[in-house]
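Step one of this worksheet: look at the structure below.
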Amino acid sequence: MKKLLRLEYIKYTRSTIFYIFVGLFMVLVVLSEISSLYLSNKFGIKLTFASLWPSLINTAGSMNIFIGILIMVSITSEYQNRTMRQHIVDGLDKKDVFIAKHLYAVCLAMFAVVFVALSVIAVGFYVGFSTLGSNPFDGSQLIGRYFVQVLGYISMAIFFAFLIRSTAVGIIVYLFYMPLESLLGVLISYLSHNDTLIPQYFPKAILSNMVTNPDMAKLVSAAKSASPVKIPVALSEQTTLIVGCIYIIAFTAGSYLLLKKRDL
Amino acid sequence: MKSNNPALSEIVLSATGLQKRFGRLVAVNNISFQVEKGSVFGLLGPNGSGKSTTLGMLLSVLSPDGGTFQWFGEAADAAQRRKIGTMIEGPNFYTYLSAYNNLKINATIKEVPYTDIERVLRKVGLWERKNSKYKTFSTGMKQRLGIANALLGNPKLLILDEPTNGLDPQGIAEVRDLIKEEAERGQTIILASHLLDEVEKVCTHLAVLQKGNILYQGETEAFIKGKKRVEISADDLGALRQALQDYPDIEKIVEKDNMLLLEVKPEFQAQELNKFLAQKGIVLNHLSVEKHALETQFLELTSKS
């Protein structure tokens with residue numbers, strides 16, 4: 001385990017792409033949190049720590065895609081430069097390669113979680129404890145769900161990387177999958193006259209609903225009750241979490257089978 | 001493939017019935033061979049003959065469709081591969097990492113101390129460029145770094161696939177010298193090449209591959225010495241030809257440019273033939289024995305199949 005971590009450390013701490021994507025993630029998370037804060041002020045929404053955590057984590061969640069792309073590039077470039085093949089030849093097992101990539105992925109997910117958590121606390125300091133309440137960790141339990149969300153996006157990216165093995169095509173498929181899934185969801189909802197929950201069980205839908213913005217949830221709920229059209233109720237938090245974990249396991253198992261069964 | 005040399009008794013690699021298909025194409029067709037310790041074993045064949053596919057299966061990057069193999073008398077696994085230094089299908093490195101850091105990765109995999117990196121980089125003449133990024137290297141330097149990578153940790157076996165590919169004549173000579181140096185100190189080497197000259201100069205044993213089949217395997221010397229060609233001429237070519245019909249060591253006679261070209265058996269001796277013809281009253285005005293070069297043998301063998 002230590003050996004595999006060291007390998008990944010040598011590779012990625014000297015990679016410019018690594019720093020570009022991690023930097024982009026950090027900058028965009030901060031920018032998105034600032035804009036979220038600005039909008040809350042503009043619409044006169046009273047913020048407390050209990051609403052700040054889900055609100056900012058939800059906003060930061062849209063930047064997980066950068067972490068996904070980073071991990072995808074790191075795997076597909078190993079295929080394209082034949083370095084993964086060289087590792088096997090030099091004495092790693094395919095299982096070792098798989099574990100190494102997942103250790104790297106978990107480290108990235110943990111980094112994202114820590115960074116987002118710190119940024120929320122920093123925002124808390126900026127807004128002021130007198131406004132938000134005395135306990136800065138009120139609502140912070142959602143960070144666990146955010147961790148599952150990041151892992152979900154990463155495991156999906158890893159699956160696409162092992163499936164497609166080409167950096168350019170992999171990124172395109174990964175990016176296009178998101179709107180495609182939404183379109184498919186809309187189509188299914190239309191055909192079923194909004195009488196189905198199926199689109200809510202799709203991977204991207206499950207992952208993006210892992211942490212919901214409470215203010216947004218209130219608006220959606222109000223719109224639903226006012227709408228003459230029947231809108232299905234959202235999945236419960238527990239269901240979302242369980243299905244999210246099932247997707248992570250499925251993507252991880254699929255990635256392992258792809259690596260194990262195919263020639264390098 | 002058994003050697004007469006008693007020192008070459010330990011089997012380093014034993015492959016039996018290896019097979020690999022890519023769709024309808026049979027890339028490797030039920031081949032078996034052994035490599036003994038201390039030998040330099042050449043896998044010789046034209047491009048697409050199955051050399052790299054064979055090595056790919058032996059090094060677990062391709063799954064065989066049939067057959068088994070053992071490294072060092074044990075089941076092939078990652079621990080066995082760590083005892084092997086390999087460069088197959090070109091050097092494969094991280095372009096953004098330095099030479100030193102690229103080797104550090106292999107040293108970590110093989111659990112070799114990082115101090116060995118200096119030894120191998122010096123050996124291939126790249127120590128002064130240890131901090132240069134791989135992408136700044138010339139083709140020759142990349143190839144030498146690939147060999148340094150293979151030499152890391154003093155492996156029990158070296159596997160080099162087309163190690164002189166893309167090199168200029170000086171680079172080719174340097175790489176061949178490195179291989180010879182390793183061979184001279186008793187290193188077991190498997191060398192895959194389509195260059196006959198390379199195999200002839202370096203290998204003690206060889207297997208000739210074509211379309212996934214082994215056409216020959218054995219000692220290189222025996223392969224080259226298998227047949228000789230003799231040019232012979234006398235004033236009366238007809239009488240000479242008639243006399244040769246009774247000589248036992250001749251397999252084939254062809255007349256060309258006022259001379260007879262003879263395909264002879266390995267035991268053929270020129271002085272015996274001369275004596276035989278003299279006894280028949282034929283005086284030769286030309287006799288030359290040409291040892292078949294590997295190229296001639298190879299072309300003959302592959303054209304038959």
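Annotations
- Within the stretch A:122-144, at least one residue is surrounded by fewer than 21 Cβ atoms within 10 Å (Cβ to Cβ) and closer than 26 Å to A:Tyr9 by Cα.
- Of residues in the stretch A:81-95 being of a type in the set (D, E, K, R) and more than 7 Å from chain B (Cβ to nearest Cβ), the one nearest to B:Leu157 (Cα to Cα): A:Lys94
- Flag for B:Gly17 being away from chain A (no Cβ under 14 Å), among the small types (Gly, Ala, Ser) and assigned to a strand (DSSP E or B): yes
- Of the strands (runs of 3 or more DSSP E) lying entirely inside the stretch B:202-296, those carrying at least 3 residues that are in contact with a Phe, Trp or Tyr (Cβ under 7 Å, 6 or more places away or on another chain) are B:205-210, B:213-219.
- Residue within the stretch B:267-288 that is touching a Pro at 6+ places or on another chain (Cβ under 8 Å) and at pLDDT below 90 present: no
- B:Pro155 vs. criteria within 24 Å of B:Lys104 (Cβ to Cβ), under 15 Å from the mean Cα position of the chain (by Cα), assigned to a loop (DSSP other than H, G, I, E, B) and not basic (Lys, Arg): no
- For the stretch A:100-110, the criterion of being touching a residue at least 24 places away in the same chain (Cβ under 8 Å), within 14 Å of chain B (Cβ to nearest Cβ) and more than 17 Å from the chain's Cα centre (by Cα) is met by at least one residue.
- Tally of residues being more than 7 Å from chain A (Cβ to nearest Cβ) and part of a helix (DSSP H, G or I) across the stretch B:80-100: 3
- Flag if A:Thr212 is within 21 Å of A:Ala50 (Cα to Cα) and either in a loop (DSSP other than H, G, I, E, B) or modelled with pLDDT under 75 (or both): yes
- Some residue of the stretch B:70-78 being modelled with pLDDT under 95, at the interface with chain A (Cβ under 10 Å from one of its Cβ atoms) and over 15 Å from A:Ile10 (Cα atoms): yes
- Only one of the listed residues (A:Leu151, A:Leu183) is closer than 30 Å to A:Ser51 by Cβ and either of a type outside the set (A, V, I, L, M, F, W, C) or assigned to a helix (DSSP H, G or I) (or both). That residue is A:Leu151.
- Number of the exception - B:Val61 against (1) part of a loop (DSSP other than H, G, I, E, B); (2) surrounded by fewer than 18 Cβ atoms within 10 Å (Cβ to Cβ); (3) of a type in the set (A, V, I, L, M, F, W, C): (2)
- Verdict on A:Asn194 being in a loop (DSSP other than H, G, I, E, B), without any contact (Cβ under 8 Å) to a residue 40 or more places away in the chain and surrounded by fewer than 19 Cβ atoms within 10 Å (Cβ to Cβ): yes
- Unmet requirement for B:Ala173, which otherwise passes all of (1) touching a strand residue (DSSP E or B) at 6+ places or on another chain (Cβ under 9 Å); (2) surrounded by fewer than 19 Cβ atoms within 10 Å (Cβ to Cβ): (1)
- Qualifying positions in the stretch A:1-51 - polar (S, T, N, Q) and farther than 30 Å from B:Val112 by Cβ: A:Ser32, A:Ser35, A:Ser36, A:Ser40, A:Asn41, A:Thr48, A:Ser51
- Count of the stretch A:247-264 residues, restricted to those that are within 14 Å of chain B (Cβ to nearest Cβ) and free of Cβ contacts under 8 Å to residues at least 24 places away in the same chain, is 4.
- Any pair with Cβ under 7 angstrom, 6 or more apart, that starts in the stretch A:34-48 at a residue that is under 16 Å from A:Val120 (Cβ atoms) and ends at one that is exposed (fewer than 13 other Cβ atoms within 10 Å of the Cβ): A:Leu47/A:Thr131
- Candidate set from the stretch B:20-67 (those that are in contact with a strand residue (DSSP E or B) (Cβ under 8 Å, 6 or more places away or on another chain) and of a type in the set (Phe, Trp, Tyr)); member that is farthest from the other protein chains (Cβ to nearest Cβ): B:Phe33
- Unique match (being crowded, with 16+ Cβ neighbours inside 10 Å, more than 14 Å from every other protein chain (Cβ to nearest Cβ) and of a type in the set (Lys, Arg)) among B:Lys123, B:Lys110, B:Lys104: B:Lys123
- B:Leu103 vs. criteria part of a strand (DSSP E or B) and at pLDDT 85 or above: no
- Scoring B:Gln170 on the criteria (1) under 26 Å from B:Arg185 (Cα atoms); (2) touching a residue at least 40 places away in the same chain (Cβ under 8 Å) leaves a single failure, condition (2).
The values are calculated or read from the model by the stated rules, or taken from the named source; none is laboratory data. The structure presented is a predicted model; accordingly, all values stated were derived computationally and were not measured. With ideal geometry, Cβ positions are generated from the backbone for all residues, glycine too; neighbour counts draw on all protein chains shown.
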